[in-house]
1. Could you work out the helix-only [θ] at 222 nm for the protein assembly as shown, with each DSSP H run of four or more residues adding -39,500 (n - 2.57) and the total divided by the number of residues, to the nearest 500 deg cm²/dmol?
2. Compute the long axis of helix B:29-38 from its Cα atoms, compare it with the longest principal axis of the Cα atoms of chain B, and write down the angle in degrees, 0 to 90, nearest 10.
3. Can you list the copy-to-copy distances for A:Asp23, using a point 7 angstrom from Cα toward Cβ, in nanometres, shortest first?
4. Could you work out the relative contact order of chain B, using alpha carbon pairs under 8 angstrom and six or more residues apart, expressed as a whole percent?
5. Report Rg (one decimal) and Dmax (nearest whole number) for the protein assembly as shown, counting Cα atoms only, units Å.
6. Which residues in the range A:222-264 place their backbone N less than 20 Å from a point set 7 Å from the Cα of B:Asp23 along the Cα-to-Cβ direction?
7. To one decimal place, what Kirkwood hydrodynamic radius in Å is obtained for the range B:222-279 from all pairs of distinct Cα atoms?
8. How far apart, in nm, are the 7 Å Cα→Cβ label points at A:Thr149 and A:His232?
Number of protein chains: 2
Amino acid sequence: VSPATAVPSAVRGAILAVGGGEDKLGDRVVLKHFVELAGGRDARIVVVPTASRVQDCGAQYEDLFQRLEAGSVRALPVQTRADAARPELLDTLADATGIFMTGGSQLRLGSTLGGTPLARTLRRAHAGGAIVAGTSAGAAFLSEHMIATGDNGAVSRSRGVTLAPGLGLTNRVVIDQHFSQRDRLGRLLAALAYNPFAVGIGVDEDTAAVIGADDVLHVVGSGGVTVVDPGHVNFTSVGRAGRNDPVCVLGLRLHLLVRGTTFNLETREASAGELVALHA
Amino acid sequence: VSPATAVPSAVRGAILAVGGGEDKLGDRVVLKHFVELAGGRDARIVVVPTASRVQDCGAQYEDLFQRLEAGSVRALPVQTRADAARPELLDTLADATGIFMTGGSQLRLGSTLGGTPLARTLRRAHAGGAIVAGTSAGAAFLSEHMIATGDNGAVSRSRGVTLAPGLGLTNRVVIDQHFSQRDRLGRLLAALAYNPFAVGIGVDEDTAAVIGADDVLHVVGSGGVTVVDPGHVNFTSVGRAGRNDPVCVLGLRLHLLVRGTTFNLETREASAGELVALHA
């Protein structure tokens, strides 16, 4: 799996990695932002509730997006690999301007959708310009390498995290969610230490890391996004440490982003952006 | 308060910041290291149990260090500011080769010892070569700026930490303890963001950050030491963020050190040191 090749002349859609727990009753900043990016009253939104075991999870998000006056909304009833090959569902997905994957279990998501026509259609829609969002497990699944399971807590243990292939909309990042709320820095660092080529993105609840086609990440919502850049790591003990030993990683760069600040995944530069202007 | 001026020709003693919960029954690696640095069978160890409300805390450490065959051990019964001016206690302290401050409350420690003859004598002993160790609250108190109280958890909130003057043996670091066990990265980052001149040192339980007279930090014990270097921070929102807003900090450097690795507080370079040699 590698990022889908963009259709010539199409601009790849933005990716919204939501940390879970997005506000659904108040200002709904994160959900509103998704609807707006998808086209607002012209949006054709498709909800993929596959990660969830909650029967009406898809219907709940249909209702939420309708209240936010999205043009059209449809939740796809995809619970099995057979569902993920049903032509009428694929047609709906291919026509979407915004795709939203709910929370639940990223292993359920990966094992149900991986390698199916639906996953291919989703990747193609994204390459053609559709916005793709995921919350909680849905966020973890967006990237090429996803955190499948891991220990919570700040200690980085050498076997404290398990990676699995994700949907592959980008391979530049490894995404973790409920980040501050579940103290997941330790497992994100362990995941990066395995192979320090990707940037670690830890998204707080009620917060989205929005990655544009230009590979600039910005923040929407009430929390923060922790960016861990291992590009300058000059030593890690992860290949040598015993099981459950604390991991040694030297030379990480760390940025705590909030609304208004950005991180360029290409140049790996953080910028205070609007935040300086707002307070100048 | 600034670091005590070294007596001419004397080499300042090492500082051992212990993250609390050091092993007292098994290998006792951290406590043994302290006894050895203090001179082993020639050591004259003084225990300062002021942080603790436990009646026999001093006696317990006397017993621990005697079992480790330290030359002599004495716990000073200092519970009040009046105690901290008793000449016979000051004489004992001035003659120590190793001084150990127990855990408890760093505010109790600071408010009892701050500005007393005992604090001055302790600083002078350190400048003259005595090793000074502190565990838990005792570790927090070692540096010029100490974390007095703060929220646990990974989120860095703009008012999530309160600093207070510490003992002042070094002003190069801000020390936090029980670091991974209580998920204190958030409050350490908030503390650094106030004024990013010092290096943040988060010490895990059963682990010591040992800072030598050469300002090289190394690690002893079973856990890790998290080093946060804000020397390249180019933006922080801490002066502008509202109470309890997440803090933005851009440009931090982060190193997870374990036994065998070092961090030079002068050059701010992390080194895999022995760890490379051990596995070469």
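Throughout, read-outs are computed from the coordinates displayed, never taken from laboratory work. Being a predicted model, the structure only gives us computed values, none of them experimental. We place every Cβ from the backbone using ideal geometry, glycine too, and count neighbours over all the protein chains shown.
1. -7000 deg cm²/dmol
2. 60
3. 5.0
4. It rounds to 19 percent for chain B.
5. Answer for the protein assembly as shown, Rg first and Dmax second: 26.7, 89 Å.
6. Answer for this model: A:241-248.
7. 13.5
8. With each label placed 7 Å out from Cα toward Cβ, I get 3.7 nm.
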